[in-house]
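What follows is calculated from the coordinates using simple rules that are stated; it is not laboratory data. Predicted model, so just to flag it, every value in this text is computed and none were measured. No Cβ is skipped: glycine too gets one built from the backbone with ideal geometry, and neighbour counts run over all protein chains shown.
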Amino acid sequence: MRSAVAGAQRIVVKIGSSSLTVRGGRLATERIDALVDVLAERRKAGAQIVLVSSGAIAAGIAPLGLSRRPRDLATQQASASVGQMLLVARYAASFERYGLTVGQVLLTADDMIRRAHYRNASRNFERLLELGVVPIVNENDAVATDEIRFGDNDRLAALVAHLLRADALVLLSDVDGLYSGDPRQPGARLVSTVLSAADLNDVVAGSVGASGVGTGGMASKVAAAQVATSAGVHVVLTSAPRAADALAGADVGTYFAPTGRRLPTRLLWLRHATTPRGHLVLDDGAVEAVVSRRASLLSAGITAVSGDFVAGDPVDLVSSAGMSVARGLVAYDASELPPLLGKSTHAVGPKYRREVVHRDDLALL
């Protein structure tokens, strides 16, 4: 199964802050060069490479005279503004040794949540790759807020893999793979292969691997792997020094096998890159129609509405037991729906006889 990674033609590689910086926030140029050596070799072999790189906030710590990673949002944004310049300049210089050009792509969660932004990002990536550029991706920490963030670049990398319909995602950390428990404790074993969620039943994925300069721990990497594999992407989680072996399909780190099939980009976006603005509670018959028969959602099957949304916003469709079964783009404003609940299309005026959520705008969860 790891041979699929070795043969991948479009690869997303994510590396964390702790693998790029040394104590005090200074960029470790020798580590960046070592990573670029590996990626450039794969790029020269014909593969398309997209690098999701953390490190902007960490790289700004030393130039700003800070003693540690800032905790308040304003100082984080300031540190990212300074550090991002240094980070990309270092990558540009390193890739230039191989005659390769890099391009900076800064994203916020809003770019994934809003359909128009998502499509624009997709077009930009595709054109950069067509031109032979290596995109360097990071969250736009200089403008991102606490309310609208990816939270960590592991999730961002998984969503970028979705966006690009990548063949493989390689998550590089300061830990050499997923362990059954804290690898610093006796008895913890390396989990070599994850074929399904059942293989994670005995795994305790906490914050091991998180450092004073990063935000992601092992749990976030496992969650990112599950997002990517659900759409057919092969994932390897290992340490940065083993990047070459991971890309070559060697038995290093933890391999996550695809658990789902590739879906249309629109449904991938809807399922994984949107945040619901409200909830529609369905009766049992409507749940059956939506989930089993893949039917559109009609007003007759809705028992309750919550949230503040407008037509075109994503909403979750929830069973009477409180389980989210699907996400879709709603055709009505929240204020329009209460008078329609439980009524058939024949019992409402002509203006309200369209589907509440059309089946083409539905992604099962």
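Things worth noting here:
- Only lysines eight or more places from LYS351 in sequence, or on another chain, were considered; those with a Cα closer than 22 Å are LYS343.
- Folded to 0 to 90 degrees: helix 29-44 orientation relative to the chain principal axis, Cα: 70 degrees
- Convex hull of Cα atoms in region 249-365, direction-averaged projection (nm²): 8.8 nm²
- Under the combined filter of DSSP loop state and at most 15 neighbouring Cβ atoms within 10 Å, region 14-97 retains these trypsin sites (Lys or Arg not before Pro): ARG23, ARG26, ARG68, ARG71, ARG97.
- One decimal place: the segment VAL348-ALA295 gains 17.1 nm when fully extended, by the rule 0.36 nm per residue minus the C-alpha distance.
- A straight Cα-to-Cα reach below 18 Å connects LYS14 with the lysines LYS221, residues fewer than 8 places away in its own chain not being considered.
- Pairwise FRET efficiency - MET85 versus ASP360, Cβ, R0 = 45 Å, nearest 0.05: 0.55
- As a calculated quantity, the FRET efficiency between SER320 and ASN201 at R0 = 30 Å, using C-beta atoms, amounts to about 0.60.
- In degrees, nearest ten, helix 73-96 long axis to first principal axis of the chain (Cα): 60 degrees
- For the chain, the Rg and Dmax computed from alpha carbons only, in angstrom: 22.2, 70
- Using a Förster distance of 41 Å, the FRET efficiency for ASP283-LEU73 (Cβ separation, nearest 0.05): 0.45
- Electrostatic dipole magnitude of the chain [Cβ: Lys, Arg +1; Asp, Glu -1; Cα centre; debye, to 20]: 600 debye
- Ranking LEU341, ALA34, SER173 by how far each Cα lies toward the positive end of the dipole of the chain (charges on Cβ) leaves ALA34 at the top.
- The chain: relative contact order as a whole-number percent, Cα under 8 Å and 6+ apart: 15 percent
- Farthest positive-ward along region 3-268 dipole, Cα basis, beta-carbon charges - from VAL227, GLY16, ALA240: VAL227
- The modelled label-to-label distance between ARG127 and ARG189, using points 7 Å beyond Cα along the C-beta direction, is 5.2 nm.
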